[in-house]
1. Lys and Arg at +1, Asp and Glu at -1: add these up for the other residues within a Cβ distance under 15 Å of ALA213 and post the number.
2. For the chain, modelled as a GNM with alpha-carbon contacts under 10 angstrom, which of VAL12, VAL147, VAL114 fluctuates the most?
3. Tell me the relative contact order for segment 97-165 as a rounded percent, counting alpha carbon contacts under 8 Å between residues six or more apart.
4. Counting other C-beta atoms within 10 Å, and keeping those with at most 12, which DSSP coil chymotrypsin sites (Phe, Trp or Tyr not before Pro) do you find in segment 113-207?
5. Could you grab the relative contact order for segment 3-66? Cα pairs under 8 Å, six or more apart, rounded to a whole percent.
6. Anyone know which of SER163, SER206, SER44 comes out most mobile in the 10 Å Cα GNM of the chain?
7. Rank these for me by crowding, THR233, THR256, THR97, going from fewest to most other beta carbons within 10 Å.
8. Rounded to the nearest 500 deg cm²/dmol, what is the calculated helix-only ellipticity per residue at 222 nm for the chain, with -39500 (n - 2.57) per DSSP H run of length n ≥ 4?
Amino acid sequence: MQTLLTYRGRTVTAEEVAQIRALIAAHPTASRRELSKRLCTAWSWVQQNGALRDMVCRGLMLTLDRGGLIELPPIRLRTPNPLAQRKRPAEVAVDTTRLAGSLSEVRPVELRQVRRTPDERLFNSLVERYHYLGYTQPVGEHLKYLVYGQGRVLAALAWCSASRAVGCRDRFIGWSAEARRRNIRLLAYNTRFLILPWVEVAHLASHILGASARVVSADWGRLYGHPIHWLETYVDPTRFRGTCYRAANWLVIGQTTGRGPSKCKIPNRPTKQVLALPLHRRFRELLAA
């Protein structure tokens with residue numbers, strides 16, 4: 001069968017393009033969204049948790065339309081892009097009384113996964129107000145945690161889908177480009193980590209990282225239908241030393257090139273240390289499979 005293009009790792013043949021044309025012709029009043037869902041159902045194109053991959057499918061159909069291979073119906077509704085027109089998270093009141101002491105005084109520490117719960121608003125508010133990078137809405141799979149001790153919020157941290165290509169990481173794992181394409185979903189990136197400014201508890205940060213590493217894979221599986229075998233983060237050495245990560249047994253495996261996700265050959269941002277924590281003894285075997 002003749003392959004016409006590859007989109008997000010999926011090859012599309014001439015026969016499949018003909019199938020899409022027939023689908024559009026058979027449903028002349030259907031919207032683009034409805035057509036993408038019908039196509040996902042016909043192709044059994046689903047995520048690990050069983051949900052249709054209709055957003056990716058719409059991107060594929062748009063690519064085919066722009067290439068003149070199919071003709072989509074006109075756009076009926078243009079919804080605003082929440083990433084381009086982001087509103088700041090609403091402020092949520094929280095107790096800011098100074099909390100100081102030893103780790104033993106605030107234990108047991110409880111991690112609550114708040115993604116898709118009412119407490120997600122509190123997470124967004126705290127990160128927006130107190131993290132130096134502020135809050136940005138993650139794209140793709142992600143989890144958000146609030147950390148509690150003595151009945152109060154102590155910290156917040158977030159995990160999201162990992163970058164598709166990080167040279168030192170990919171060399172450390174030793175996987176092929178094809179294995180990386182298939183298994184990149186098994187990696188998670190610590191995109192935000194915030195100890196609230198009024199909390200002064202020695203060794204709390206490394207303790208939280210250790211506790212999070214023990215639960216993130218199972219929590220990811222419950223929400224997205226697959227485990228996590230590798231955690232990573234990037235530390236700006238001009239701001240931080242990454243001490244809490246190293247104290248939690250994370251490994252410094254190299255540094256970024258400073259080129260970001262674009263194809264620019266010239267560094268356009270600060271280089272950062274890359275730290276990683278494999279969650280499985282056979283992580284190389286699992287990720288390179």
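1. Numbers: positive: ARG214, ARG246, ARG281; negative: ASP219, GLU232.
Charge balance in the 15 Å sphere: +1.
2. VAL12
3. Values: 78 pairs, mean separation 22.7, N = 69.
After rounding, I find 33 percent.
4. Details: sites: PHE123, TYR130, TYR132, TYR135, TYR145, TYR148, TRP159, PHE172, TRP175, TYR189, PHE193, TRP198; in loops: TYR132, TYR135, TRP175, TRP198.
Answer by residue number: TYR132.
5. Details: 44 pairs, mean separation 14.6, N = 64.
Result for segment 3-66 is 23 percent.
6. SER44
7. Working: THR233 23, THR256 20, THR97 7.
By the 10 Å Cβ count, ascending, the order reads THR97, THR256, THR233.
8. Details: 10 runs with 98 residues, N = 289.
The per-residue figure over the chain is -10000 deg cm²/dmol.
Here, each number is a calculation from the coordinates, and none is a lab measurement. A quick note: this is a predicted structure, and the numbers were derived from the prediction, not measured. Cβ coordinates were reconstructed from backbone atoms using ideal geometry, including for glycine residues, and neighbour counts include every protein chain displayed.
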